[in-house]
Structure formats: C-alpha cells, structure tokens
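Derivation of every value follows stated rules applied to the coordinates shown; laboratory data play no part. All values reported here derive from a predicted model rather than from experimental measurement. FYI the Cβ positions are ideal-geometry reconstructions off the backbone, even for glycines, and counts take in every protein chain you see.
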Ligand SMILES: Nc1ncnc2c1ncn2[C@@H]1O[C@H](COP(=O)(O)OP(=O)(O)O)[C@@H](O)[C@H]1O
Ligand SMILES: [Mg+2]
C-alpha cells in the first residue's frame, strides 16, 4: 500500500466511524467485567438539524439505555430519526437537547474521537469495504493503523474472520468478488478488529436476501450473547427486530419501548 492510498483509507476509516485505532489487544486490553452495566444512557435526547433558513426536529425526548451482552433493535419508518439517533450513539455529533452518557460520562465532555476509536464501531447497509484491499487486509487495516505488529495483526484478523464464519478460501479475494452476505460479515469482522465493544448497525441487512439476512442477524446475536458486545441495530425489517432482545420503535423522532 503506498502512502497516498494509506491516507485515503485513513480518511475513509474516519468517515465510516472506525477512526484511527487498533484492536482490543493494542496498548490496553478491554476489561469486559469492568465495562459491564449500562454503558450508554440517553436522557431526553433531542436533535435538530439546522440550516440558515430551515430546521428539522429529528429527535425529541429520547430516553433509553443500552448495555453489553444484548441486541437492541430500533425500528421505524424511513425518516423517523433512526439514523440520526445512531449517529449520536456513534459520537458523530452531540444532542442539541438532553443528555447522552457513555459509561456515566456526558458525551459532550468526553473525547469523542477517542470514543469512536476505542469503543464504538458502525456497520452500514452498503458494507463500505476498501475495494482495493483483500478481505484479510480489510480486517487487518484498523489494527495496522495502531501499529500492531504485522504478524499479530494477521493472526487476529484471521480470528475475527473465523468468528464471523467466513471460509478461509475467501481471505485473499477482493470485496467485489464475494457475495453481499459475505461482504457484510467482513465489515463486521473489521468493526470488531477496531476494538470496541459497541457495534452500531444501520440497516445491516438492507442489501441482503432473506437467507443472508438470517446469517447476519444470527451473527449479531452471537456477538452480543457470546462475546459480550452491545449490539444496536437500526432497521425497518421485522425479522431483525424479532431476533433482538430489546425492541424500540421510533416514530417522528419519538422513541418508545416495544418489547424487552
Ligand atoms: N443531514 C440532514 N439535514 C437535514 N435534515 C436531515 C438530515 N438527515 C436527516 N434529516 C431529517 O431528519 C429526519 C430523520 O432522518 P433519519 O434520521 O435519516 O431517519 P431514518 O434513518 O429513520 O430514515 C428526517 O426528517 C430527515 O429528512
Ligand atoms: Mg436511516
């Protein structure tokens, strides 16, 4: 990879919320016990998009909390505010009203770049893999940014790819040579490689057929229940919601508990 490519990828990583950071084993190890409890708490969160002449109230008085080990679904029609809420949870912006706490700290007061580097990763409908890197290199990339030794990076990337159930015959393929369901698994492995325990997914099955949809939903459940991730999935897909431990419904920027 040449320096130009590297810079381009770094910018792209930042844009998609993976930031400049490494895997869990870089520097500090994540202490799962220590992180237990309500890691995210929203208290009457509101968000208004403002331009010079117009404003749109996208969220109002959203209160809820999220903890590790569970899958949360946020359902609702298009335009109801789901992605806006997810972007606040990802630390891409801060609420215009109310408070959002991460591990008890006000998100306005923490280093949000560090939060996005160390704690939260976003998975998108359109996968957003690096097209010029192989599957394995895509997953190695977040750890390389943190200057983890190459051998370890490779071993850990392979571990993550095994966890998402990707056959090793695909490790050397370019992303456009594997199916959508496989690409989404790689994107999830890359999000895990970034090291945080919060996985935020925006319509992760939106581009998938029903069989791959099931695979991805089962995988997200496994990561929450067996690997202790907090998984927050924004979706308008009922099947995704059925599989979640807790379901919230969003309607015109208002969130209400549906189940769990
Ligand atoms: N960047 C933006 N600027 C202005 N308004 C926006 C922007 N993004 C979303 N909105 C508006 O905020 C509301 C919520 O949008 P969004 O969070 O994208 O909903 P969803 O993800 O549920 O489809 C909608 O009315 C949408 O038009
Ligand atoms: Mg959306």
Legend entry - 222 nm mean residue ellipticity, helices alone, for the chain (DSSP H n ≥ 4; -39,500 (n - 2.57); rounded to 500): -10500 deg cm²/dmol
Inset, instruction - Mind checking the full-extension length gain between residue 78 and residue 51? Use 0.36 nm per residue of separation minus the Cα-Cα distance, one decimal, nm. - result: 7.6 nm
Inset, instruction - For segment 144-260, state what percent of all Cα-Cα pairs lands in each successive 5 Å bin, counting from 0 Å until the bin that includes the largest distance. - result: 2, 10, 20, 21, 19, 13, 7, 4, 3, 0
Inset, instruction - Pop out the Kirkwood hydrodynamic radius of the chain from its pairwise C-alpha distances, inverse of mean 1/r, in Å to one decimal. - result: 18.5 Å
Legend entry - On Cα atoms only, tilt of 150-163 relative to the major axis of the chain in degrees: 60 degrees
Legend entry - Residues 102, 232, sorted so that the one with the fewest Cβ neighbours within 10 Å comes first: 102, 232
Legend entry - the chain: antiparallel DSSP beta bridges as a percent of all, rounded to 5: 50 percent
Inset, instruction - On a C-alpha basis, how far is the centre of segment 185-203 from the centre of segment 118-166 in Å? Whole number, if you could? - result: 9 Å
Legend entry - Under 17 Å from the residue 227 label point (7 Å along Cα→beta-carbon), backbone N, segment 149-181: 153-168, 171, 181
Inset, instruction - Treating the angle as unsigned and between 0 and 90°, give the value, to the nearest 10°, between the Cα long axis of helix 180-193 and the longest Cα principal axis of the chain. - result: 90 degrees
Legend entry - Theoretical FRET efficiency, 1/(1+(r/R0)^6), r = Cβ-Cβ of residue 173 and residue 210, R0 25 Å, to 0.05: 0.55
Inset, instruction - Kindly express, to the nearest 10 degrees and within the range 0 to 90, the angle between helix 3-15's C-alpha long axis and the longest C-alpha principal axis of the chain. - result: 30 degrees
Inset, instruction - Of all alpha-carbon pairs in segment 107-198, indicate the percentage at a distance above 23 angstrom. - result: 21 percent
